[in-house]
1. Tally the residues that are crowded, with 16+ Cβ neighbours inside 10 Å and assigned to a strand (DSSP E or B), restricting the search to the range 4-57.
2. Got a number for residues in the range 121-152 being farther than 22 Å from residue 185 by Cα and not in a helix (DSSP H, G or I)?
3. Could you list all residues from the range 292-306 that are in contact with a strand residue (DSSP E or B) (Cβ under 9 Å, 6 or more places away or on another chain) and over 14 Å from residue 138 (Cβ atoms)?
4. Only one of these is surrounded by 24 or more Cβ atoms within 10 Å (Cβ to Cβ) and in contact with a helix residue (DSSP H, G or I) (Cβ under 6 Å, 6 or more places away or on another chain): 166, 119. Name it.
């Protein structure tokens with residue numbers, strides 16, 4: 001196999017990232033990976049502010065690329081191509097990355113490949129573990145949650161999806177209503193470790209409905225109501241109240257994901273179930289998913305934690321896979337705020353001028 005080296009650029013949300021990945025006869029190797037988070041910039045607002053994120057990307061992307069190239073010990077002349085996230089995501093951030101990639105491609109003469117951010121996550125198990133197609137992927141992140149039958153670098157079949165909030169989004173909202181820091185996943189998990197998951201009778205949405213679709217909005221509302229009832233009774237929340245609410249919420253999410261994973265494996269009995277996205281870093285959820293895989297005789301894979309969240313190494317790898325399959329993009333490549341992986345599936349969340357969300 002001919003060695004292929006790609007620069008990856010990722011700027012779809014609030015992480016400014018660049019990486020260099022090499023694919024050769026010995027497999028894949030991440031030569032460098034630079035991720036600059038923006039959490040301090042958004043902390044005062046309780047969530048990501050798109051305009052602030054876009055400006056931060058514009059200011060830092062070129063430095064991230066320079067650092068990634070230096071860390072890999074390569075120059076543009078050593079590369080075979082440039083991969084860039086073209087969607088889905090916040091349009092301002094996407095445009096920042098696209099403009100940089102187009103400029104670099106024009107100046108260097110290198111081919112450019114646009115990458116679906118979700119494909120980056122979905123193909124990460126091939127980067128880290130070299131697994132073969134097909135496999136089942138649970139993509140569970142701040143903005144997305146779906147089961148995908150991954151059958152090729154551009155062949156994804158959606159088996160189920162959230163019909164409203166993604167789990168990561170729900171974690172963020174729970175953290176906000178309980179006055180915990182953002183992003184909400186890690187602080188909610190820390191609080192849950194010291195809480196009683198059985199104290200509150202929280203719902204497990206859509207478990208009474210066949211199929212693999214999920215819902216987390218009602219669960220979020222149930223936590224809000226439970227919190228308000230405690231405040232009405234006591235005049236405020238104790239530390240233990242907050243811990244118990246976090247534990248109950250996390251247990252409900254884990255129950256839903258575990259059961260829906262069991263159903264997805266029954267519908268698509270692949271030899272491997274892989275999980276990716278920021279929520280895959282949650283230890284309780286990961287343990288439950290591992291138990292489902294073991295019970296069904298399925299190999300379980302989860303990327304290293306640093307590759308669960310947004311990064312450019314996965315974009316570089318997805319770009320290599322598309323490039324070796326013959327894909328090329330030119331200066332007309334456009335940013336897409338919405339870009340479902342399964343183009344044939346009916347929209348679950350809805351559609352509009354920007355297209356289907358999922």
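1. 24
2. Total satisfying the criteria: 12.
3. Within the range 292-306, 294, 306 meet the criteria.
4. Criteria check complete, one pass: 119.
Values in this text are rule-based calculations from the coordinates and carry no lab data. Predicted model only: the values in this text are computed from it and were never measured. Reconstructed Cβ throughout: ideal geometry from the backbone, glycine too, with neighbour counts over all protein chains shown.
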